[in-house]
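The structure under discussion appears below in the form of structure tokens.
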Amino acid sequence: MKAFGKSQGGTRREDIRFLTGKGQYLADILPAGSLHAMFLRAPAAHARITTLDVSAAREMSGVRAIWTARDLDAAGINGSVFGVALPDRRGGKGASPKRPVLADGIMRHVGEPVALIVAETQAQAMEALEAIDLDFEELPVTLALEPGGPTLHPEAPDNIALDWELGDDAATQAAFERAAHVTRLSVRQNRVTAASLEPRAALAEWDGTRLHFAFNGQGVWTMKRELAKTLALDPEQVHVTTPDVGGGFGMKVMVYPEHLALAGIARALGCSVGWVAERGESIASDNGARDLTSTAEMAFDADHRIIGYRVQSRFNLGAYNSQFGQNIQTALFSKVFTGVYDIPAAHLHVQGIYTNTTPVDAYRGAGRPEAITLIERTIDMAARELGQSPFELRARNFIPSGSFPYQTPAGETYDVGDFTRVLDRAKDLGDVAGFAARKAESAARGLLRGLGLSYYIEAILGDDTEGATVEFTPQRRVTLYVGTQSNGQGHETVYARYLADLTGLDEDLIDIVQGDSDRIAKGGGTGGSRSVTVQTTATHGMVEQMIEAFSLFLEGEIDAAPVNFEDGIFSAPGSNQRLTLIEAAELARKRGATELLRHERRVKLAGRSYPNGAHLCELEIDPETGALRLDRFLAVDDFGNLMNPALAQGQVHGGVAQGYGQAVLEEVLFDEQGQLQSGSFMDYAMPRAQDFPMIKFESVPVPSSGNPLGMKGCGEAGTVGALAALTNAALDALWENGVRMVDMPLSPQRVWSWLNHQHK
């Protein structure tokens, strides 16, 4: 068996059912006769509930139940929705206030669930929702991303949820004191929503002794744990499944209040209850991303080498701790805090602030885009201030290829890298030498052209262990059980093809099973670009173990040794007998060796891997209107060895589109009272195909040493690199017109105002 399979190219097996309308998304699997759930949501950002009368609504036609916080208490469901609290530099951990399943007297953000309505039809649930009498006393609203103001939680004085630092403050200060040049830059990261193709949805069924809970998430095991804990059930009483998922982006990793309330009311009613969010409901209640401000300072010596880097950052945690909210600018940010540069001293100080907005959590590559956008915009600004080419200044400060493994100031160890080779390739493919001519041609048409560069690095995150199980069925088929969860990335294709490559099995005979807590005991789900790397590593280890077991068995059966396995065939010297893996399994079944019909292996990665690459962007801006047009985009990436180049390219394209969305179009906005002003796609702009040229992609692999396949993740790379490339290109286009600072989103109105000296 070779150490690396032949998985290259080919079409996705999933696409047949998706493109012919046969996908099984949550709304497609609701059993006939299921009741329909809807949520009454908070209409105010911060208010004390004075009246919540559901009596008239309960009597309406088709209504089966309405629950408020009082009903949850009566059902014994009074815990807090799962949230993380990290160590705090003030001692102990950051704040961790209770996040109720339904608002318990105080509403703390617009869209917070207040009551749950269950009816026989969706229309009846809607009518009942409108009949609920809700009155409230408005309280002072906290929206500022700074300490102080009206206190949202008594556990968090000054609304500081977390105060955290990393690095060597004294050494960094000393570096700045001896610096020949210091660049300072403040960057705002606008809030975005995931806007997944399929909104959040769930189905809860109670059969009298056991709960089945289906949801469109990114892993079933955390949900199983939290449902069991909240409902005081034995874990064996909870079965969690996930059907096809129309996009997750990390937003669907989390356990939400709606999940717990739905499961509780299904148990109380003893029936099946389904809920599918509407788009406006999703924008108002899904956890948000980004929403932070950071000030970066970069110190250089006389040779233009970086000697120090420090960041002060404040991020909006929203009204409550969410599942990973406090990680968004701490553990995640720190993995790639100093990017790809050889920086001897660095310090990061982060404050998380509670506000009366939707909770902010870790998704769309959270942490890595923030860190990389900040350092790449800062070094780009430094190049302008120092009169250096942005290519040359980066190359001068890269971690040398001979310095790996390299420990960063944040304590992270990069295993391998050759950043200069990747950047040089991008410079050639991007025809940087021809940019001046293209700029002149744009100018002749009255347009401003800019070139933007970003060199990113990200870290595969999440659980570094994973398991794989293979089972041979009586139908002469093979089932591969995996611990990850596809959200549309093409996992079924990659996993089946890789197993076929390793074993010689016909790919069409391999069935992939995922997202079922009864059939798969443990798994890490999908998120943090982990899935293919950890899952194929587990499959690789499992196949090695399986081949060894079958070889020992066959030595006794064919009376020859040693048994070899090559190109999908078992054979031995001196014997004409040759068996495929399926034939060996059937022989084992015939002999009663049932232990050979199922093989399991759980592995732990030797280390984290670090995808990296250079993104080049060229865009044009119309100075008369401020409108921006993306003209060229190139991604040259080091993903290590690629399992499937077509899927990797697709991931990059999607990631770049997401990056463009945030950089140019998207922003979740609240008014002074915390009311959502971008609650639909009429007000929240999304990227479209017409916004993009053909995005070019090339792989320049430096195989990782952290796994036997030499792979690196790629799921979030497009977003991580695109944000800074786009904003740097915009600043480059505007620089000659006196603009010295840009911020996202690069909307026409904002760009026009910068050009007209209204916001310098």
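Taking the centroid of alpha carbons for each part, segment 721-760 and segment 606-655 are 20 Å apart. Less than 5 angstrom separates the built amide H of Gly94 from those of Leu86, Asp88, all sequence-distant by 5 or more or on a different chain. Scaled to the globular estimate 2.2 N^0.38 Å, the Cα spread of the chain, given as radius of gyration, is 1.00. Counting only DSSP H runs of at least 4 residues, each contributing -39500 (n - 2.57), and dividing by the residue count of the chain, the helix-based mean residue ellipticity at 222 nm comes to -8500 deg cm²/dmol. Approximating the spin labels as points 7 Å out from Cα along Cα→Cβ, the Ala444-to-Glu385 distance works out to 3.7 nm. Counted residue by residue at 0.36 nm each, then reduced by the alpha carbon distance between them, the extension gain from Thr209 to Ala560 reaches 121.0 nm.
Calculated FRET efficiency, Met126 to Thr473, Cβ-Cβ distance, R0 = 51 Å: about 0.65 to the nearest 0.05. For segment 649-753, taking Cα atoms only, Rg and Dmax work out to 17.3, 54 Å respectively. Can you pick out the pairs among Lys427/Lys696; Lys22/Lys522; Lys604/Lys712; Lys522/Lys604 whose Cα atoms lie more than 19 Å from each other? From Lys427/Lys696; Lys22/Lys522; Lys604/Lys712; Lys522/Lys604, over 19 Å: Lys22/Lys522. Across segment 412-545 the C-alpha pair distances fall into 5 Å bins from zero in the proportions 2, 8, 15, 15, 11, 9, 8, 8, 7, 6, 5, 3, 1, 0, 0 percent. The trypsin sites (Lys or Arg not before Pro) of segment 86-166 meeting both criteria, a DSSP state outside H, G, I, E and B (loop) and at most 11 other C-beta atoms within 10 angstrom of the site's C-beta, are Arg90. Each Lys and Arg Cβ is given +1 and each Asp and Glu Cβ -1; about its Cα centre, segment 529-624 then shows a dipole of about 720 debye. In a fully extended conformation the segment linking Ala74 and Asp511 would gain 152.9 nm over its present Cα-Cα distance, using 0.36 nm per residue. A simple rule links phi to the HN-Hα coupling: the Karplus curve 6.51 cos²θ - 1.76 cosθ + 1.60 with θ = phi - 60°, which for segment 642-651 gives 8, 6, 8, x, 5, 5, 4, 4, x, 5 Hz, with x for Gly and Pro.
Ranked by solvent-accessible area (1.4 Å probe, protein heavy atoms only, all chains present), the residues Arg438, Arg578, Arg12, Arg368 order from largest to smallest as Arg578, Arg12, Arg438, Arg368.
The order of the peptides 486-492, 193-199 by mean Cβ neighbours within 10 Å, most packed first, is 486-492, 193-199. Taking 7 Å steps out from each Cα toward its Cβ at Ala593 and Gln675 produces label points 7.3 nm apart.
Based on the convex hull around the alpha carbon atoms, segment 230-320 presents an average projected area of 10.8 nm².
Rounded to the nearest Hz, the phi-derived 3J(HN,Hα) couplings of segment 525-532 under the Karplus curve 6.51 cos²θ - 1.76 cosθ + 1.60 (θ = phi - 60°) are x, 10, x, x, 6, 8, 4, 5, where x marks glycine and proline.
Considering only alpha-carbon pairs that sit under 8 angstrom and 6 or more positions apart, the relative contact order computed for segment 556-613 is 17 percent. Here the accessible area is traced with a 1.4 Å probe on the protein chains. For the chain, carbon and sulfur cover 49 percent of it. Backbone amide hydrogens, once placed in the peptide plane, bring His347 within less than 5 Å of Tyr309, Arg310, Val311, excluding anything fewer than 5 places away on its chain. For segment 679-760, the list of GluC sites (Glu not before Pro) that fall in a loop by DSSP and count at most 14 other C-beta atoms within 10 angstrom reads Glu736.
For Gln173 and Glu146, a Förster radius of 30 Å and the Cβ-Cβ distance give a FRET efficiency of 0.80, rounded to the nearest 0.05.
Residues of segment 315-354 with an amide N closer than 15 Å to a point placed 7 Å from the Cα of Glu165 along the Cα-to-Cβ direction: 346-352. DSSP finds beta bridges in the chain, and of those with both partners inside it, around 80 percent are antiparallel.
For segment 544-629, the average shadow cast by the Cα convex hull is 11.8 nm², which is a quarter of the hull's surface.
In this structure Met643 has an accessible area near 10 Å², from a 1.4 Å probe over the protein heavy atoms.
Listed peptides 608-617, 63-72, 20-29 appear in the order 608-617, 63-72, 20-29 once ranked by packing, highest mean of other Cβ atoms within 10 Å at the front.
Annotation: extensible slack from Ala689 through Thr420 equals 93.6 nm (criterion: 0.36 nm per residue apart, minus Cα-Cα distance). Over all other residues within a Cβ to Cβ distance under 14 Å of Tyr610, the charged ones net out to -3, with Lys and Arg as +1 and Asp and Glu as -1. Once C-alpha pairs closer than 8 Å and six or more residues apart are averaged by separation and normalised to the residue number of segment 243-324, the relative contact order reads 24 percent. Taking segment 176-291, how much of its Cα-Cα pair set, in percent, is spaced more than 25 angstrom apart? That tail contains 35 percent of the Cα-Cα pairs.
For the chain, the relative contact order comes to 15 percent (Cα pairs under 8 Å, sequence separation of at least 6).
Legend: calculated FRET efficiency, Ala27 to Arg305, from the Cβ-Cβ distance at R0 = 60 Å, rounded to 0.05, equals 0.60.
Note on surface exposure: Val532, Val255 rank Val532, Val255 by accessible area, highest first, 1.4 Å probe.
The values are calculated or read from the model by the stated rules, or taken from the named source; none is laboratory data. This is a predicted model, so every value here is computed, not measured. Glycine also receives a Cβ, built like all others from the backbone with ideal geometry; neighbour counts cover every protein chain displayed. Please note that ligands, DNA and RNA were not included when accessible areas were found on the heavy atoms of the full protein model with its side chains. Shrake-Rupley method; radii C 1.70, N 1.55, O 1.52, S 1.80 Å.
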